[in-house]
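The structure appears below as C-alpha cells.
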Amino acid sequence: MVRKTVIHSTRLMILLMVLFLVGCDSPKPEAFLTSQVSPDEYDPKEWGKAYPLHYESWLKTKEAKPAGKSRYKKGWDDDKVVYDKLSEFPFLGLLYQGWGFGIEYNEPRGHYYAVTDQFEIDPSRVSSGGVCLACKTPFHRKMTETHGLDYLKKPYLEAVGMLPEGLQDLGPACYDCHLPDPMTVTTKKAHLETALAMINKTEPSRQELRTLACAQCHVTYSVPRDENMKTAGDVVLPWKNATWGDISIEGIIADLLSDPSRLEWTQKATGFKMPFIRHPEFEVFSRGSVHFNAGVACADCHMPFTRSGGYKISDHNVTSPLKADLRACLQCHTQSKEWLTERIFHTQDRTASLVLRAGYNTATCARLFQTIHTAQEEGTTVDSAIYNQAKDFYMQAFLRLVFVNAENSTGFHNPAEAGRILGDAIAFSGKSEALLRQLLAGAGMNPQMEVELDLGKTLNNRGQAGLNFRPEQEFKDPFGVQEKLLSEKARGL
Ligand code: HEC
Ligand code: HEC
Ligand code: HEC
Ligand code: HEC
C-alpha cells in the first residue's frame, strides 16, 4: 500500500505547506536564504553559511553507517571493515584480472570519500589520469573546458594538483546538484548533458531532475582510448541506441561493441580487448521499474525528509535506505519496516544467487578460451566460425553479468529487469561453453568434466598492498544451488 499523497511531485506542495506551517507543532523548515551564494561557488563551506543544516547533513556522509542493517552493501559501516568486492564474488578475480578492477575493487561508501578513496586505492585504478575525476570533483567540467586533454591524460595525482588548493579532495558538492537558489535542483556534468541531448531529454521536469542529479555519476561510462590504449577524451555514455526510460543493456552492448575506442582493457585469461560497465544505477532503475514508472525519484528513497534542529530538510546524508532505517520508504508505504526489509532481501537474495550462476559460468568460459589459445599457440587449428560465435556469446554474457553486478542495489532498483538480464547472461555463457567444448573435442582434446578455475591464483597477493582473498566476506548462494554445480576443488580457493 502506498500513501497516495506523497507520490509524484507533490513533494513540492508538501514543502510549501510545511513552509506555511511554522508555528504549529510540526518541525519548522529551515529559513531559506536564496541570494547568498554566488553562481560559481564551489566551496560547500560557503554554501553552509546560508544553509547550515544542509551543510551539516551533507557532511554526515563522512560518518560510518550502522553495521548489520544491509545484507549486500556493507560498505563503510561502524565495523570499519573495507568490503572487497572480489572476495564477495570470487569469480571476479579471474574475470577482471588484467587491470585495476582485478586488483582492488571495494564496495562504495559515503560521498565524502569519493576523491579520498581514489588516493587510497591501488594506483592501477586511476591509471587513466585526470579523466578519473569525472564523477568525483565538481571542477571536472571547468578543468576539461580549460585544459582539455592536458588535464584528462595527466597522471592522476598531477591532475588533482591542478585543482584549487583546499578543495582538491572535494567530492559530490552543493555546486553539482544546485543552482545558487538551492530550491532548484540541476545537473552540471557535461557528459550527462551530451547523453541527454542524444535521447532528446533537454528539458527535464523538476521531479526528473531529482533523479538526474544522481545520474550525473551513477551511470555507466567509457573512458575513450587511442590506439595505444591511452585516454583519448572525456568520459562518454553508451546511449546511442537509447530513449528516455529505455536505456537497455542490449543497446548499451551494441554501442560499446561498435566502437574500438570503447575497448578499455585486456582480459588476462582470454587476451580479449574488452569494454567495461560501471555502476549503472540510473539505467537499471529507469528501465520500467515499478518505482520509476510511478514517478518516484532517486532522491525520494535516498534523501527523504528528516528532522534537523527543529526543521525539516531533505536528508543530504545520502546512503543505503536500509542503513537509514527505511525512513524514506515509510513516507510513502503503509507497510511495516519489517515487511519492507523482507521485500528488499527477497529480491537481493535471488539476484545474488543468479549473479553467482552467471559469474561462474562466464569464468568457466574464460578458462576454456585460455586452453584453446594455448593449444593454438602450439599449432592446433580450430573452426573459426564456431570460435567467433563462442567469443561473441562470451562477450554478451560477460557484459550482462558486469551490468547487474556493478549496479549497486543488488537487483532492488528493478528486480524483474535484473533477473531477465542475468537469465540471458546464463544462457549466453552456457552456449559459449558448449561451443568451446565442441572445439576442444574437435581438436582431440578432452575438456574435463569440471573446468579448473584456479581462483586462488587470481585473488591472492594483488597489487602494491598484496591483497588477499577474504573468505569471511564471500557471498554464498542463499539457496545452496551454486555448490551443487561447481565443486570447491574446481574453484581452487
Ligand atoms: C559527483 C558524482 C556523484 C553524484 C552527483 C552522486 N553520487 Fe552517489 N556516489 C558517488 C561516488 C563516487 C560514490 C562512492 C564514494 C566512495 O566509495 O568513496 C557514491 C556513493 C553513493 C552511495 C553509497 C553511500 C554509502 O553510504 O555507502 C549512495 C547510496 C549514493 N551514492 C547515492 C546517490 C544519490 C541518490 C545521488 C543523487 C541524490 C548521488 N549519489 C549523487 C558519486 C556521486
Ligand atoms: C524505491 C526506492 C529507491 C529508489 C527510487 C532508488 N533507490 Fe537506490 N537503493 C534502494 C535500496 C533499497 C538499495 C539497497 C541498499 C542496500 O542493499 O543496503 C539501494 C541501493 C543503492 C546504492 C548502493 C548503496 C550502498 O550502500 O552502497 C546506490 C549507489 C543507489 N541505490 C543509488 C540510486 C540511484 C542513483 C537511484 C536513481 C537512479 C536510486 N538509487 C533509486 C532504494 C532505492
Ligand atoms: C547529489 C546532489 C545534491 C548535493 C551534492 C546537494 N544537494 Fe541539496 N538537494 C538535493 C536534492 C535532490 C534536493 C531536494 C530538492 C527537491 O525536493 O526538489 C535538495 C534540496 C536542498 C535544499 C532545499 C530544502 C530541502 O531540504 O529540500 C537546500 C537548501 C539544499 N539542498 C542545500 C544544499 C547544500 C547547502 C548542499 C551542499 C552542502 C547541497 N544541498 C548538496 C541534491 C543535492
Ligand atoms: C515516493 C513514494 C515511494 C517511496 C519513497 C518508496 N516507494 Fe515503494 N512503491 C511506491 C509506489 C507508487 C509503488 C507502486 C505500488 C502501487 O501502485 O500500488 C511502490 C511499490 C513498491 C513495491 C512493490 C513492487 C513490485 O514490484 O510490485 C515494493 C516492494 C516497494 N515499493 C518497496 C519500497 C521500499 C523498500 C522503499 C524504500 C527503500 C520504497 N518502496 C520507497 C512508492 C514509493
Item checked: Residue list for region 90-115, restricted to those being part of a helix (DSSP H, G or I) and within 7 Å of ligand 1 (Cβ to nearest atom) -> 111, 113
Notebook entry, point to check: Any residue in region 277-290 that is of a type in the set (Phe, Trp, Tyr) and either within 11 Å of ligand 4 (Cβ to nearest atom) or surrounded by fewer than 21 Cβ atoms within 10 Å (Cβ to Cβ) (or both)?
Noted result: no
Notebook entry, point to check: Can you tell me how many residues in region 166-187 are of a type outside the set (Ser, Thr, Tyr), within 14 Å of ligand 2 (Cβ to nearest atom) and either assigned to a loop (DSSP other than H, G, I, E, B) or touching a Gly at 6+ places or on another chain (Cβ under 9 Å) (or both)?
Noted result: 2
Item checked: Residue count for region 150-165, restricted to those that are touching a helix residue (DSSP H, G or I) at 6+ places or on another chain (Cβ under 9 Å), part of a helix (DSSP H, G or I) and surrounded by fewer than 17 Cβ atoms within 10 Å (Cβ to Cβ) -> 3
Next item on the list: Being within 26 Å of the chain's Cα centre (by Cα) and among the basic types (Lys, Arg) is the filter here, so list the residues in region 303-327 that pass it.
Entry: 323, 327
Next item on the list: Name the one entry in 116, 146, 137 that is among the polar types (S, T, N, Q) and free of Cβ contacts under 8 Å to residues at least 24 places away in the same chain.
Entry: 146
Checklist line | Which numbered condition residue 352 misses (of (1) more than 18 Å from the chain's Cα centre (by Cα); (2) more than 16 Å from ligand 4 (Cβ to nearest atom); (3) at pLDDT 95 or above; (4) surrounded by 16 or more Cβ atoms within 10 Å (Cβ to Cβ)) | finding: (1)
Next item on the list: Scan region 301-327 residue by residue and report those that are within 10 Å of ligand 2 (Cβ to nearest atom), part of a helix (DSSP H, G or I) and either among the aromatic types (Phe, Trp, Tyr) or surrounded by fewer than 22 Cβ atoms within 10 Å (Cβ to Cβ) (or both).
Entry: 302
Checklist line | Test result for residue 69, in contact with a Lys or Arg (Cβ under 9 Å, 6 or more places away or on another chain), over 23 Å from residue 136 (Cα atoms) and part of a loop (DSSP other than H, G, I, E, B) | finding: yes
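Conditions (1) within 16 Å of ligand 3 (Cβ to nearest atom); (2) closer than 21 Å to residue 476 by Cα; (3) over 21 Å from the mean Cα position of the chain (by Cα), marked per residue:
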{"position": "62", "(1), (2), (3)": "yes, no, no"}
{"position": "85", "(1), (2), (3)": "no, yes, no"}
{"position": "88", "(1), (2), (3)": "no, yes, no"}
{"position": "93", "(1), (2), (3)": "no, yes, no"}
{"position": "100", "(1), (2), (3)": "no, no, no"}
{"position": "106", "(1), (2), (3)": "no, yes, no"}
Next item on the list: Working only within region 232-250, note down all residues that are surrounded by 18 or more Cβ atoms within 10 Å (Cβ to Cβ) and either under 17 Å from residue 98 (Cβ atoms) or out of contact with any helix residue (DSSP H, G or I) (no Cβ under 6 Å at 6 or more places or on another chain) (or both).
Entry: 236
Next item on the list: Select from region 116-140 the residues that are closer than 16 Å to residue 219 by Cβ and either small (Gly, Ala, Ser) or assigned to a loop (DSSP other than H, G, I, E, B) (or both) and write down the one among them that is nearest to the chain's Cα centre (by Cα).
Entry: 135
Margin query: Could you check region 438-493 and list, in sequence order, the residues that are on the phi < 0 side of the Ramachandran plot, at pLDDT 95 or above and among the polar types (S, T, N, Q)?
Written below: 438, 458, 460, 464, 468, 473, 482, 487
Notebook entry, point to check: In this structure, does residue 347 turn out to be over 20 Å from residue 405 (Cβ atoms) and either modelled with pLDDT under 95 or more than 16 Å from ligand 1 (Cβ to nearest atom) (or both)?
Noted result: no
Next item on the list: Sort out for me the helices (runs of 4 or more DSSP H) sitting completely within region 188-275 that have 1 or more residues that are in contact with a Pro (Cβ under 8 Å, 6 or more places away or on another chain) and within 15 Å of ligand 1 (Cβ to nearest atom).
Entry: 190-198, 206-215
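The values are calculated or read from the model by the stated rules, or taken from the named source; none is laboratory data. Since the model is a prediction, treat every value here as computed from it, not as a measurement. Backbone-built Cβ (ideal geometry, glycine too); neighbour counts: all protein chains shown.
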